[in-house]
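Reading through the structure tokens given below for one structure.
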């Protein structure tokens with residue numbers, strides 16, 4: 001690199017690098033602690049001083065996936081054979097497994113509702129964004145602003161009528177209801193972001209395709225879609241992360257069948273009160289996919305955050 | 001849908017260069033593409049909003065569906081605005097809003113400024129700093145209650161280690177004086193990266209040539225910072241403040257899990273208070289009026305702010 005007055009000196013780079021890395025490490029501590037606590041035994045998790053080095057165990061994960069009950073004194077002394085490793089592990093603590101917990105169910109709900117709502121938001125968002133970008137639409141700016149402004153509403157403020165409406169339609173605590181709701185919430189973001197990505201594609205490409213005899217639809221999915229694919233994909237990740245993390249609507253509108261993981265994880269309790277390793281194990285399984293996604297797709301995601309915000 | 005067939009026969013008056021193609025007219029395609037989005041947003045956002053406004057003038061209660069609904073005019077609004085508890089809630093929200101914004105702007109801008117020195121590996125470290133804002137606030141907030149435990153909590157331990165205080169001598173969530181700060185700290189941890197990213201976009205939008213020109217004029221670095229960097233980043237910073245402001249005015253998930261509004265109602269922010277009225281006390285009409293007041297304030301403050309922002313931008 002050639003010398004320029006705006007290029008920071010090496011010393012500046014060192015100092016700023018050290019400060020940023022220092023902050024990053026502090027930021028990471030709580031996340032590291034979640035992952036570590038998930039592999040601790042119960043006594044280790046509440047030890048003083050907090051234990052950084054400990055003997056790892058999957059006890060927390062076993063507790064997370066199972067429902068247990070305390071064994072009576074007689075039952076403990078009674079020898080049992082042919083126990084699987086996790087049954088053995090639970091038995092050593094004086095408990096026995098009575099069945100699976102609801103965690104995997106709730107986790108799976110998060111997956112279905114997250115992917116379902118993302119799919120519809122992206123599908124509808126893409127075609128709307130295309131129309132906004134390429135056609136002359138009356139009151140276009142007002143419509144776009146209206147679409148965006150729906151995001152300003154506090155979820156609790158619209159939750160009352162949505163609750164009433166869903167109850168009336170039999171959508172309370174159903175997957176379909178939650179998918180519909182999250183689709184609506186994500187749709188505004190999807191239209192806004194994808195509209196920006198399509199605006200960046202030169203219109204000449206489509207003109208050329210139309211002259212070659214493509215129909216509008218063909219030009220749309222053979223020319224525009226491939227060009228906007230990365231933008232659409234990063235928008236999809238944002239929608240997915242939103243639906244994955246959403247709590248306010250989930251806690252108000254679901255309680256059983258369609259409950260997602262965020263309202264469920266804080267309610268995890270063990271046989272003897274708050275079981276932090278199990279909570280941490282659940283949190284780890286729930287948060288890790290997002291962390292990995294963020295690191296792998298950092299280039300697109302980071303651009304998407306500022307792009308979406310700065311355009312508004 | 002009769003409008004669609006009409007426009008089809010009119011043959012696209014758009015004057016678009018692409019208009020004369022086979023199949024549906026552009027106008028028809030545009031409406032087919034846009035109407036599902038508009039319909040869904042009307043059904044899930046606008047219709048409920050109108051319903052909320054309607055309910056706010058009634059004494060309806062969700063848990064008593066058979067009771068006759070009475071129209072009570074503005075009584076709900078009067079009661080809310082004269083209720084001293086609501087003003088306490090507003091104070092809690094203001095404390096939360098002001099401090100999170102101050103801390104996030106200061107730390108976020110500093111980080112962006114440092115990252116913009118382009119040291120080796122800066123994009124990876126940026127990503128690591130961004131991680132908390134991608135995570136579920138409810139799940140993370142719940143885990144922070146563990147970090148905040150007196151004695152066994154990591155936060156208390158670290159604070160005790162650094163300051164020499166006894167880690168079991170204070171409880172971030174249980175103490176009336178500390179609880180408002182406990183939510184400020186977690187929100188700052190989570191959302192500083194957002195402000196940082198926007199500031200970074202602002203810093204990167206400043207062309208090098210401006211600094212080069214300033215250098216030719218022998219402006220000191222200090223002067224360059226105050227006359228070039230700050231004014232050029234200011235519109236971005238103001239945008240970040242707008243988004244954080246709106247988000248934190250609506251704040252629910254993180255704080256509900258962290259303190260649940262307690263101890264007492266020291267950290268009961270407006271959204272939590274509203275949830276209590278609507279879904280625990282089931283005062284639907286009253287809560288609806290509350291929701292309308294909140295929404296109008298957010299919208300009002302945001303539009304005044306956007307006007308100010310546009311002024312700064314056009315300077």
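Here the range A:126-199 and the range A:32-108 have alpha carbon centers that stand 43 Å from each other. The residue B:87 and residue B:301 beta-carbon pair, evaluated with R₀ = 25 Å, returns a calculated FRET efficiency of approximately 0.90.
Starting from the exponent 0.38 and prefactor 2.2 Å, build the expected Rg for chain B from its residue count and divide its actual Cα Rg by it. It would help to have the intermediate numbers written out before the result.
Working: Rg = 25.6 Å, N = 315, 2.2 N^0.38 = 19.6 Å.
This ratio for chain B stands at 1.31.
For the residues of B:204-211, the average number of beta carbons from a partner chain within 10 Å of their own beta carbon is 2. Considering only alpha-carbon pairs that sit under 8 angstrom and 6 or more positions apart, the relative contact order computed for the range B:79-314 is 28 percent. Taking a quarter of the surface of the Cα convex hull of the range B:98-246 gives a mean projected area of 11.0 nm².
Computed from the C-beta positions of residue B:94 and residue A:293 and an R0 of 35 Å, the FRET efficiency is 0.50 to the nearest 0.05.
Residues of A:144-152, mean number of Cβ from any other protein chain within 10 Å of their own Cβ, rounded to a whole number?
On the way: counts 0, 0, 5, 5, 0, 5, 6, 4, 8.
Going residue by residue through A:144-152 and averaging, the value is 4.
Find the percent of Cα-Cα distances in chain A that exceed 24 Å, and round it to a whole number.
Numbers: 32369 of 48516 pairs.
So the pairs more than 24 Å apart make up 67 percent of the total in chain A.
List the relative contact order of the range B:191-298 as a percent without decimals, with contacts defined as Cα pairs under 8 Å and 6+ residues apart. The partial results should precede the final answer.
Details: 59 pairs, mean separation 22.1, N = 108.
Relative contact order here is 20 percent.
So if I average 1/r over every pair of distinct C-alpha atoms in the protein assembly as shown and take the inverse, what Kirkwood radius in Å does that give?
On the way: mean 1/r = 0.0369 Å⁻¹.
Averaging 1/r across every pair of different Cα atoms and inverting gives 27.1 Å.
Ranked from largest, the principal axis spans of the Cα set of the range A:210-312 equal 73, 30, 25 Å.
When the Kirkwood hydrodynamic radius is evaluated over all pairs of different C-alpha atoms of the range B:235-315, what value in angstrom, to one decimal, is obtained? Intermediate values should be presented prior to the final figure.
On the way: mean 1/r = 0.0704 Å⁻¹.
Result for the range B:235-315 stands at 14.2 Å.
Kirkwood hydrodynamic radius, computed over distinct alpha-carbon pairs, for the range A:44-183: how many Å, to one decimal? Radius from the Kirkwood sum: 20.6 Å. Between the range A:239-301 and the range A:201-226, the alpha-carbon centres lie 41 Å apart. Relative to the longest principal axis of the Cα atoms of chain A, helix A:175-199 runs at roughly 40 degrees.
Compactness ratio for the range A:104-267: Cα radius of gyration over 2.2 N^0.38 Å (N = residue count) comes to 1.18.
Globularity index of the range A:147-229 is 1.59 (Cα radius of gyration / 2.2 N^0.38 Å, N = number of residues).
Work out the mean other chain Cβ neighbour count within 10 Å for the residues of B:27-36 and drop it here as an integer.
On the way: counts 3, 1, 9, 10, 3, 2, 12, 13, 3, 7.
Going residue by residue through B:27-36 and averaging, the value is 6.
Readers should treat all values here as calculations from the given coordinates under stated rules, not as data from a laboratory. Nothing here was measured: the structure is a model prediction, and the numbers come from that model. No Cβ is skipped: glycine too gets one built from the backbone with ideal geometry, and neighbour counts run over all protein chains shown.
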